[in-house]
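One structure is given here, and the rest of the page talks about it.
The values are calculated or read from the model by the stated rules, or taken from the named source; none is laboratory data. Worth saying up front: this structure is predicted, and the values here are computed from it rather than measured. Every residue, glycine among them, receives a Cβ derived from its backbone with ideal geometry; neighbour counts consider all protein chains shown.
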Amino acid sequence: MAYTAEKPPLPETPEQLRARIPGWGADLDPRDRPSVPREVPGIETGAHWDFPERQVEHSPRERSIEHGTMPPVFGTSAPLKGASGAIRRFAYERYSEGRAAHWLLLIAADRVDAVESHLTALASTRPDNLLTETGIKAEITHHGLSSRTAGKRVDVGHQALDPVIVAGPWIVAAGLTILGADALRRRIDARTARPTTSTAQGTGTGAGQQMGQQAGTAPVDPTVAAPSYQPGMS
């Protein structure tokens with residue numbers, strides 16, 4: 001079991017592992033292992049316990065499927081929340097840390113968490129400050145351009161993508177907001193225009209009946225269909 005005072009024994013002997021896994025044990029030679037001085041058998045670790053006291057788990061924490069139990073100590077400063085928390089929990093419960101899907105889901109959860117944080121800030125009385133929190137102000141006041149071009153920086157190649165990554169989500173969000181507001185305005189205008197048209201049609205029918213009565217003709221009932229003309233009829 002992990003986290004014990006003594007190093008846990010291997011589930012298989014080195015010979016079994018070397019026969020089953022090609023290339024296993026390439027660093028068994030002590031001369032190829034810089035960490036050997038700290039892995040001398042019988043070294044005193046100073047631990048006064050056989051298994052450390054466990055931290056109390058007040059709420060379920062995510063745990064990789066490679067581990068049978070939670071470690072004795074774990075962080076609680078960033079509990080899972082919202083849709084991003086559901087994605088992170090699914091990544092830990094479904095996929096191993098050796099799968100790319102595990103890490104891709106965690107990266108996607110980070111993006112969802114950023115959107116959730118922005119929306120929460122917009123709904124609060126203190127929204128995000130785009131000029132200071134995105135670093136745009138520092139680019140002007142702290143020699144941003146000269147620090148990017150001076151010296152031999154390895155990140156010069158992707159600096160052109162920085163404005164897209166930083167400002168892109170805000171531009172997309174603003175565009176979607178404008179489109180949504182315009183669609184809502186069109187729907188409201190369409191609903192308010194329907195009663196006006198019906199009223200105009202009803203008013204026109206009433207005026208036609210009044211004019212017919214003044215001319216000495218009978219009013220026309222719009223619900224009665226006019227007789228169709230056939231040849232030979234007088």
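Data for the structure
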quantity: Hits in region 96-109 (condition: in a helix (DSSP H, G or I) and loosely packed, with under 13 Cβ neighbours inside 10 Å); calculated: A100, A101, L104, I107
quantity: Condition check for R194: modelled with pLDDT of 55 or more, farther than 30 Å from V115 by Cα and of a type in the set (K, R); calculated: yes
quantity: Filter result (surrounded by fewer than 10 Cβ atoms within 10 Å (Cβ to Cβ), at pLDDT 80 or above and in a helix (DSSP H, G or I)) within region 9-39; calculated: E15, R20
quantity: Qualifying positions in region 138-168 - aliphatic (A, V, I, L, M) and either part of a helix (DSSP H, G or I) or surrounded by 10 or more Cβ atoms within 10 Å (Cβ to Cβ) (or both); calculated: A138, I140, L145, V156, A160, L161, V164, I165, V166, A167
quantity: Test for E93: is it touching a residue at least 24 places away in the same chain (Cβ under 8 Å), assigned to a helix (DSSP H, G or I) and surrounded by fewer than 12 Cβ atoms within 10 Å (Cβ to Cβ); calculated: yes
quantity: Any hit, region 63-74, residues being under 22 Å from P169 (Cα atoms) and charged (D, E, K, R); calculated: no
quantity: Filter result (surrounded by 11 or more Cβ atoms within 10 Å (Cβ to Cβ) and outside any helix (DSSP H, G or I)) within region 114-128; calculated: P127, D128
quantity: Candidates A78, A83, filtered to the one that is closer than 21 Å to H118 by Cβ and either not in a loop (DSSP other than H, G, I, E, B) or not assigned by TED's automatic domain parsing to the domain that holds V115 (or both); calculated: A83
